[in-house]
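Okay, so here's the structure we're looking at.
Taken together, the values in this text are just the output of simple stated rules run on the coordinates, not laboratory data. Remember, predicted model here, so these are calculated numbers, not experimental data. Cβ sites come from the backbone with ideal geometry, for glycine too, and all protein chains shown count toward neighbours.
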């Protein structure tokens, strides 16, 4: 594919930063991608751009895996509304403070980070668990939701790619299993952990932010401008109990693990993340419903209204998730990722190959909004380079994986960023703007680390 395949994501990113309109940016990007695809076809280009844009959205939405993600994102709104209206958030905040677990900003930050690390099974579940648990605590201690979004987003994917006993590990193993290498795919993947500098650095920066209570750049500005809003704490129901939040949350985590085992036929790493998250979310909603109805303070009709109101609150972000997935599918057909990857030429000195692969992964992930899609594009390019140039397999794979996560952390069109915004209750653009400097700093350190390592090893 030609150079113009890079135009749609660039258009999206420009519109995002110019107009501050994510949905408009994604729609224009999808339409421009379909226009370029129509140019290579026959018939009326404008007509087919219109039709194909609609059909692309339908095609993506009708995919079982994507449908699960979208339904899960909507149902999260109902679950959040249930635990908010029950007074469970306020009760849990008070319980944690009384138990001495969350008596300071630092303790709240550690609780958020380590709850995300503990739930390493699936990245969406990690951000969701941490976000739900910590929203009320962050409000209590007057910390911005932007800080919460940064902590959970910069914890979830790095942890999932370092602790590989999950769907991430299974996915990458599946990609590596297509190639013959001197080492087994499992040993290459496990060996990549120590070389995954971006994931390690990202977690260290989060730890630094929490330990020293230091924020910088736009995040510092967001903290300074933060004004306490009407939150769950002011809407507390009399006689509320912490179980209204904790029981659905424990149900969510426990059933997620169980469904991962079940969908993977006893192997948690082979389980379906999209199925498990959806099933677990529905079960948590059901548990929250029955807890509230049994209290006799809520009628069935009242709970239905609360649930739909909660779903409605998240529809804009769910639309962003849908359009992000749609753009990713359209750009795949356009060949954007393959074009960007093809820029890695044979003319590079051998010690630059790994750092450039890291940057290439970041650019692909940034422009397409998907880290997993980046892995699928770059691993088939990276493995032949390993075989042809005699590069350390684990180092190359680590650079590709880290680059995908890095680009995803910076991208305003990433579905992961949207889910993190949903979980934290933060505006998506605010989240991207405040997280990007941290991601860029971590990415710069990672590039240097790969350069130094390549010079030493090669």
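Some values worked out for this structure:
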read-out: Ratio of Rg to Rh over segment 117-218 (Cα coordinates, Kirkwood Rh, two decimals); value: 1.08
read-out: Proxy reagent accessibility, fewest Cβ within 10 Å first, across 28, 457; value: 457, 28
read-out: Packing-based ranking, highest mean first, of 127-138, 112-123 given that Cβ atoms within 10 Å are counted; value: 127-138, 112-123
read-out: Fewest-first sequence of 450, 198 by Cβ atoms within 10 Å of each Cβ; value: 450, 198
read-out: Potential lengthening between residue 187 and residue 106 on full extension [0.36 nm per residue; Cα-Cα distance subtracted]; value: 25.4 nm
read-out: Estimated FRET transfer efficiency when R0 is 56 angstrom, pair residue 99-residue 350 (beta carbons, to 0.05); value: 0.50
read-out: Likely footprinting exposure, 427, 153, 333, fewest C-beta neighbours within 10 Å first; value: 333, 427, 153
read-out: Gap separating the Cα centres of segment 13-31 and segment 92-158, nearest whole Å; value: 30 Å
read-out: Within the chain, helix-based [θ] at 222 nm, where runs of 4 or more DSSP H residues each add -39,500 (n - 2.57), nearest 500; value: -26000 deg cm²/dmol
read-out: Scaled radius of gyration (Cα, divided by 2.2 N^0.38 Å) that segment 65-458 gives; value: 1.00
read-out: At R0 = 30 Å, FRET efficiency that the Cβ-Cβ distance of residue 211 and residue 250 yields, to 0.05; value: 0.60
read-out: Chain lengthening between residue 39 and residue 290 when straightened (0.36 nm per residue, less Cα-Cα); value: 84.9 nm
read-out: Kirkwood hydrodynamic radius over Cα pairs of segment 95-160, then Stokes diffusion coefficient at 10 °C and 1.306 mPa s, in µm²/s; value: 138 µm²/s
read-out: Ordering of 388-401, 88-101 by burial proxy (mean other Cβ atoms within 10 Å per residue, highest first); value: 388-401, 88-101
read-out: Whole-number percent relative contact order across segment 65-458, with pairs defined as alpha carbons under 8 Å at least 6 apart; value: 26 percent
read-out: Among 374-380, 257-263, 415-421, the order from most to least packed when residues are scored by Cβ within 10 Å on average; value: 415-421, 374-380, 257-263
read-out: Computed FRET value (nearest 0.05) for residue 4 with residue 62, which takes r as the C-beta separation and R₀ as 41 Å; value: 0.90
read-out: Segment 1-113 - Rg (one decimal) and Dmax (whole number), Cα, Å; value: 22.4, 69
